[in-house]
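Below: one structure, written as structure tokens.
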Amino acid sequence: MKLKNAWPKYYKKGVVTHYCPGCGHGIVHRIVAEVLEELDLGKRAIGVNPAGCAVLAYLYFDFDVIESAHGRGTAIATGIKRSRPDLFVFTYQGDGDLSAIGTAETIHSANRGENICVIFINNAVYGMTGGQLAPTTLIDMKTTTTPLGRDPKYDGYPLHITDVVAQFPGVVYAERVAVDGPAGIRKTKKAITNAFKTQVEGLGYSIIEVLSPCPTNWKLSPVDSFKWVTEVMMKEFPTGVLTDKRPGKE
Amino acid sequence: MSKIFISGNHAFAEAALRAGCQCYFGYPITPQNELGEYMADHMRKLDRVFIQSESETAAINMVIGSAATGARVMTSSSSPGVSLKQEGISFLAGFELPAVIVNVMRGGPGLGNIAPSQGDYFQATRGGGHGDYRTPVFAPASVQEIADLTYHAFDVADRYRTPVMMLSDGMMGQMKEPVVFPEPIGKLPDKEWALKGRGDGPSRYICSLILDVVEMERHNWKLVRKYDEIEKNEILYEEYMLDDAEIVVIAYGTTARIAKGAIKRVRKDGVRAGMLRPITLWPFPKKALADLCARIRQFVVFEMSTGQMLEDVQIALAGRADIVFHGRPGGVVPMPVEFARIIYREYQKMTKPQI
Amino acid sequence: MTKTAVKHRVIIDTEMCKGCTLCIAYCPKKVLKESEHLNKAGYHYAEPENLDQCTGCLICTLVCPEVVIEVYDE
């Protein structure tokens with residue numbers, strides 16, 4: 001018998017994650033570990049952990065991680081990368097972390113074109129705190145703080161932060177992908193690989209927004225959550241490359 | 001060793017460079033803009049890191065990132081900006097990461113003004129952020145001391161793996177004085193605890209999240225043991241004309257400079273006044289103060305605030321002596337004659353027989 | 001479906017599985033099913049049923065959020 005899918009080297013074995021059944025975090029965590037291994041970056045990788053559902057990611061990632069206060073990941077990553085440009089630095093953040101409290105840090109690290117990667121998990125709610133409104137919550141979407149559904153009159157519109165920073169000259173690669181099935185998961189891995197290579201080649205800032213299922217707070221089964229990403233979420237947040245300024249790629 | 005005529009703000013920066021500060025993250029705010037500008041001129045020439053960040057909140061988090069890699073790192077701001085850094089400072093304390101944070105105080109609360117003040121004493125010495133932590137706080141009273149204490153602050157930060165606060169004010173930041181700077185540091189301390197990528201070893205993480213309450217408590221008491229160690233080893237204060245003093249002033253920073261003028265003035269009129277000047281505001285020189293109670297009955301506290309260090313004095317003296325407080329908040333800088341009048345009045349009351 | 005020789009083996013860490021059923025839903029050959037039994041955490045874990053149908057495509061390992069599925073070539 002020959003094992004076809006070896007355990008990802010930079011992912012801790014035998015640790016039960018705290019994530020809900022069917023949560024997209026577990027899949028993206030595995031992808032990050034796989035890509036670090038494939039690009040041989042694990043030894044010099046420093047992950048920056050968000051505050052939010054993935055706040056315990058350092059218990060699952062098997063490479064060096066520092067935890068950030070809510071929203072401050074890209075500022076911390078800036079400090080690390082500027083001090084040690086030889087290290088591979090990326091942040092892993094949720095929609096609240098990156099595009100609510102961390103908006104200024106996100107925009108300005110992108111505008112400075114920091115040579116870091118940002119993995120942005122967009123599940124349209126605040127998961128860890130129990131399913132509140134997020135900047136990316138869809139219109140009419142019910143959350144614990146939009147009980148009658150998000151109403152732009154009071155709660156504003158779904159925020160397209162990745163599209164905003166994609167305009168910046170300093171942002172070399174920006175893509176939105178979706179964990180909504182095998183194909184989407186493969187594209188997610190390809191996108192993260194592109195982003196990581198962008199940093200390795202010293203080209204500058206890259207950001208991958210990953211639409212990710214949150215069965216518990218969407219009150220859907222894991223399988224229906226995958227479908228919801230495709231059929232509903234992607235209407236508001238279409239997937240695709242938002243900018244690719246890598247040389248020879250324009 | 002030549003003297004350089006230099007402003008306080010520039011001296012903070014120059015001393016940091018000489019202490020091997022590898023990264024500086026700042027944001028413009030009067031009255032300390034010149035510090036960031038100095039860093040902008042020098043850091044990149046020395047192949048070190050300088051960023052003017054988008055906010056003081058971002059700056060302190062960049063400090064966290066650099067400190068985590070073992071770099072010597074500094075940030076500076078003034079009162080409102082330092083308020084924005086408090087969360088980050090609490091994280092530095094929880095992470096046990098070394099850093100130097102400069103506060104060139106201005107009038108407050110709110111936007112206040114850009115004049116010198118000492119209204120951030122509580123914030124600095126009581127831990128302005130959340131959770132059980134302290135930060136060593138140094139209060140220079142001259143540009144020379146700015147240079148010496150900043151240089152020293154980096155050592156204290158590294159030795160105890162803690163954020164360290166430099167507390168000065170707009171006047172001292174803008175004022176120029178001749179300074180002899182310490183020699184540039186040779187080898188920087190190596191920090192095996194720093195995050196450098198796991199290499200071939202096990203992965204490590206730096207986090208302040210401790211969900212297990214017993215573990216969190218253990219961490220809290222561990223920090224307290226550190227703070228006790230700092231209290232034991234790092235207290236600094238100046239005794240000024242205390243030997244024959246009968247009335248003792250307690251003041252720090254710019255206020256202490258003014259008080260020295262007042263003490264010289266009243267001494268001419270035969271009033272034997274002296275001063276105990278805290279240089280570390282935390283740890284506060286409680287014992288030195290308490291020991292004075294053996295022979296001193298009257299203390300006068302001067303502050304450019306409505307009375308904050310006053311409470312530490314009250315704690316230290318614990319009712320064993322009388323304390324008169326005279327404060328000028330809001331950015332008003334009193335003249336020595338104003339302090340002299342108060343010392344003279346209190347001295348009269350003290351020595352005149354009570355009828 | 002005629003029973004043919006098993007070419008691949010799917011081993012699931014049933015105690016770590018959270019019964020999200022994604023692998024069951026996305027397996028193109030309906031190899032996996034939800035077990036009637038519960039693991040210690042109280043989840044109906046996934047388990048192979050028609051192992052002979054498995055083509056070793058690894059889609060189950062792709063969609064698994066818990067990294068609990070191992071696929072072997074026989």
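Rule-based calculations on the coordinates, nothing more; no lab input. From a predicted model like this one, the values you see are computed outputs, not experimental measurements. Glycine gets a Cβ as well: all are built from the backbone with ideal geometry, and neighbour counts include every protein chain shown.
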Notebook entry, point to check: Mind checking the log10 I(q)/I(0) for chain A at q = 0.09, 0.12, 0.17 Å⁻¹? Debye, one equal scatterer per Cα, no solvent, two decimals.
Noted result: -0.35, -0.63, -1.31
Next item on the list: Mind checking which of B:Val102, B:Gly201, B:Gln174 is farthest towards the positive end of the stretch B:85-213's charge dipole, using Cβ charges of +1 (Lys, Arg) and -1 (Asp, Glu) about the Cα centre?
Entry: B:Gly201
Next item on the list: List every residue whose amide H lies under 5 Å from the amide H of A:Gln132, counting only residues 5 or more places away in sequence or on a different chain, with H placed 1.01 Å from N in the peptide plane.
Entry: A:Tyr126, A:Thr144
Note to self: Given an 8 Å cut-off on Cα distances and at least 6 residues of separation, report the relative contact order of chain C as a percent.
What the structure shows: 43
Check: Residue-wise, which Karplus ³J(HN,Hα) couplings in Hz belong to the stretch B:272-281, taking 6.51 cos²θ - 1.76 cosθ + 1.60, θ = phi - 60°, and x for glycine or proline?
Finding: 7, 10, x, 8, 10, 10, x, 9, 9, 7
Notebook entry, point to check: Order of C:Tyr43, B:Tyr151, A:Tyr154 from fewest to most other C-beta atoms within 10 Å?
Noted result: A:Tyr154, C:Tyr43, B:Tyr151
Notebook entry, point to check: Using a Gaussian network for chain C with springs between C-alpha atoms less than 10 Å apart, which of these wobbles most: C:Ile12, C:Ile24, C:Ile59?
Noted result: C:Ile59
Next item on the list: Straight distance only, please: which lysines reach the Cα of B:Lys260 with their own Cα at less than 19 Å, same-chain residues fewer than 8 apart left out?
Entry: B:Lys176, B:Lys268
Item checked: Sequence-distant residues sharing a close amide H with A:Ile207 (under 5 Å, placed H) -> A:Val118, A:Tyr173, A:Ala174, A:Glu175
Next item on the list: Rank the residues B:Met175, B:Met165 as a footprinting-exposure proxy: fewest other Cβ atoms within 10 Å of their Cβ go first.
Entry: B:Met175, B:Met165
Note to self: With an 8 Å Cα cut-off and a minimum separation of 6 or more residues, compute the relative contact order for chain B in percent.
What the structure shows: 18
Notebook entry, point to check: Listed here are the pairs B:Lys196/B:Lys222; A:Lys187/A:Lys219; A:Lys245/B:Lys45; A:Lys13/C:Lys18; which of them are more than 21 Å apart at the Cα?
Noted result: B:Lys196/B:Lys222; A:Lys187/A:Lys219; A:Lys245/B:Lys45
Item checked: J(HN,Hα) series, the stretch B:212-218, from Karplus relation 6.51 cos²θ - 1.76 cosθ + 1.60, nearest Hz, glycine and proline x -> 6, 4, 5, 5, 4, 4, 4
Next item on the list: Compute the relative contact order of the stretch A:25-244 as a whole-number percentage, counting only Cα pairs closer than 8 Å that sit 6 or more residues apart in sequence.
Entry: 18
Next item on the list: Quick one: grab the alpha carbon gyration tensor of the stretch B:211-336, order the square roots of its eigenvalues as a ≥ b ≥ c, and give me rounded if a/c is under 1.5, else prolate or oblate depending on whether a/b is larger than b/c.
Entry: prolate
Margin query: Test of understanding: in a Gaussian network model of chain A with alpha carbons linked when under 10 Å, which of A:Val232, A:Val200, A:Val210 would top the mean-square fluctuation ranking?
Written below: A:Val232
Margin query: For A:Thr136, A:Thr129, C:Thr61, which order do you get if you count the other beta carbons within 10 Å of each Cβ and list the fewest first?
Written below: A:Thr129, C:Thr61, A:Thr136
Next item on the list: Treating cross-link reach as a plain straight distance, find the aspartates and glutamates whose alpha-carbon is under 12 Å from the alpha-carbon of A:Lys190, omitting any fewer than eight places away in the same chain.
Entry: A:Glu34, A:Glu38, A:Glu175
Check: Using the alpha-carbon atoms, what tilt in degrees (0 to 90, nearest 10) does helix B:336-351 show relative to the longest principal axis of chain B?
Finding: 50
Item checked: Theoretical gain in end-to-end length, B:Arg320 to B:Leu111 [0.36 nm per residue, Cα-Cα removed] -> 71.4 nm
Item checked: Segment B:Ala288-B:Glu183, extension gain: residue separation times 0.36 nm, minus the distance between their alpha carbons -> 34.7 nm
Check: Setting aside same-chain residues fewer than 8 positions from A:Lys142, which aspartates and glutamates have a Cα under 15 Å from its Cα?
Finding: A:Asp151, A:Asp155
Item checked: Structure-based [θ]222 nm, the protein assembly as shown - -39500 (n - 2.57) summed over DSSP H runs of at least 4, per residue, nearest 500 -> -10000 deg cm²/dmol
Checklist line | With Cα atoms, 0 to 90° folded angle of helix B:253-268 axis to chain B main axis | finding: 20
Note to self: Using a Förster radius of 35 Å, what is the FRET efficiency between B:Asp269 and B:Phe122 based on their Cβ-Cβ separation? Nearest 0.05, please.
What the structure shows: 0.50
Next item on the list: Mind giving me the FRET efficiency for A:Thr193 and A:Ala6? R0 is 30 Å, r the Cβ-Cβ distance, nearest 0.05 is fine.
Entry: 0.95
Next item on the list: Nearest 5 is fine: what % of DSSP beta bridges in the protein assembly as shown come out antiparallel, could you say?
Entry: 30
Notebook entry, point to check: Spin-label point model (7 Å from Cα, Cβ direction): what's the B:Met241 to B:Asp200 distance in nm?
Noted result: 6.8
Checklist line | Built amide H within the under 5 Å cut-off of B:Val179, gap 5+ | finding: B:Ile4, B:Phe5, B:Ile6
Next item on the list: Name the residue, out of B:Val164, B:Val248, B:Val102, whose mean-square fluctuation peaks in a Gaussian network model built on chain B with Cα pairs under 10 Å.
Entry: B:Val248
